[in-house]
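Notes to accompany the following structure.
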Amino acid sequence: MAVLLDGKRVAAERKANIQARVASLTEQNRIPGLAIVIVGADAASRIYTDRMAKLAGDMGFAVFIKALPAQVSQADLLQVITELNADPAVQGILPMMPLPAHLDADLLAAHIQPDKDIDGLNPLTIGLVAAGKSLAAPCTPRAVMAILDHYHIELSGRKAVIIGRSNVVGKPLIQLLLARNATVMVCHSKTQDLAAVVSQGDIVIAAVGKANLVQMEMIKPGAVVIDVGINEVDGKMVGDVDFTNVAPIAGFITPVPGGVGSVTTTMVLEAVLQGFQ
């Protein structure tokens, strides 16, 4: 049976470090500030906003929630970002996605000041990560790396297979893994014989958003399996990996819930603190 990669344990350790850093800053009368921008009434975004705001507040951060109506214009949304860019009390800006259809998410991302872009959305940030000049990738890929590091999983020279090529998970993970000398393969909807490709992976990272896609026959015995997927099936949250099916053959595996998602919020707070470096 696979060793469980406990995201809650990883998050707890990093939260302790964050709290110590915030306490030190507070003694200097420097309060780290997180701004969350949410447009409309998307239920998932509001739940995440509330949880993120509570966590940040409990840990001593100043939290600024900019809740805008779904009908807000592009110009007014960008004006809010401009004001947050100029606000010295804000070290990090986190826009909730998705935006209403009439708004351009790319324009929003490009408008966020790079040093306040804590989720790696600005094209400049993306380019620096792709060029290996920065590790300021989106929070979820950094959460994956934090779990691998916490459990001392060697990456150098190992084959890592990523299932999914999204701009916020799959593509940034390519660069983070390459920076650690892994040999990286990426699978997507056009990949032929997915099982044959995935089964080559010493490390398999599933981030495609399809419940229970990854089955036992796709996994090399002893492989490290990281499940980024969050899907609802019959009222329960499940990942992209069929946990019950895969765990007996994998060497290490993350659960859903309690895996990558548990660490992602701490990555947001760590990114805010980088504004004080």
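The values are calculated or read from the model by the stated rules, or taken from the named source; none is laboratory data. Being a predicted model, the structure only gives us computed values, none of them experimental. The accessibility values were calculated without ligands, DNA or RNA, using every heavy atom of the protein model including side chains. Shrake-Rupley method; radii C 1.70, N 1.55, O 1.52, S 1.80 Å.
Of the heavy-atom accessible surface of the stretch 29-114 (probe 1.4 angstrom), what whole percent is carbon and sulfur?
Answer for the stretch 29-114 is 58 percent, counting heavy atoms of protein chains only.
Using only Cα atoms and rounding to the nearest 10 degrees, what angle (0 to 90) does helix 7-27 make with the longest principal axis of the chain?
30 degrees
Just the accessible area per residue of the stretch 29-114, please: how many Å² with a 1.4 Å probe?
For the stretch 29-114, the per-residue accessible area is 48 Å².
When we measure straight from the Cα of Lys220, which aspartates and glutamates land under 13 angstrom away, once same-chain ones fewer than 8 places off are left out?
Excluding near neighbours in sequence, the set is Asp202.
Expressed as a whole number of Å, what is the distance separating the alpha-carbon centroids of the stretch 61-98 and the stretch 208-244?
So the two Cα centres are separated by 34 Å.
For the chain, set up a GNM with springs between Cα atoms under 10 Å and report which of Ala130, Ala101, Ala143 has the largest fluctuation.
Checking each option, the largest mean-square fluctuation is seen for Ala101.
Before anything else, pin down the relative contact order of the chain: Cα pairs under 8 Å, at least 6 apart, normalised by residue count, whole percent.
Averaging sequence separation for qualifying contacts and normalising by length gives 21 percent for the chain.
Please turn the phi angles of the stretch 223-232 into ³J(HN,Hα) values with the Karplus equation 6.51 cos²θ - 1.76 cosθ + 1.60 (θ = phi - 60°), one per residue in order, whole Hz, x for glycine and proline.
Per residue, the Karplus-derived 3J(HN,Hα) values read 5, 8, 10, 10, 9, 8, x, 10, 9, 9 Hz.
If one takes the longest principal axis of the Cα atoms in the chain, at what angle in degrees, from 0 to 90 and to the nearest 10, does the Cα axis of helix 260-273 lie?
It is inclined by approximately 40 degrees.
Nearest 5 percent is fine: what portion of the DSSP beta bridges confined to the chain is antiparallel?
Of those bridges, close to 10 percent are antiparallel.
Determine the percent antiparallel among the DSSP beta bridges restricted to the stretch 153-277, to the nearest 5.
In the stretch 153-277, DSSP labels about 15 percent of beta bridges as antiparallel.
List the lysines whose Cα lies under 27 Å from the Cα of Lys133, skipping any in the same chain that are fewer than 8 positions away.
Cα-Cα hits under 27 Å: Lys15, Lys116, Lys159, Lys171.
Helix 43-58 against the longest principal axis of the chain: what's the angle in degrees, Cα atoms only, rounded to the nearest 10?
70 degrees
Give me, ordered by chain and number, the residues 5 or more places off Val214 or on other chains with an amide H under 5 Å from its own placed amide H.
Val241, Asp242
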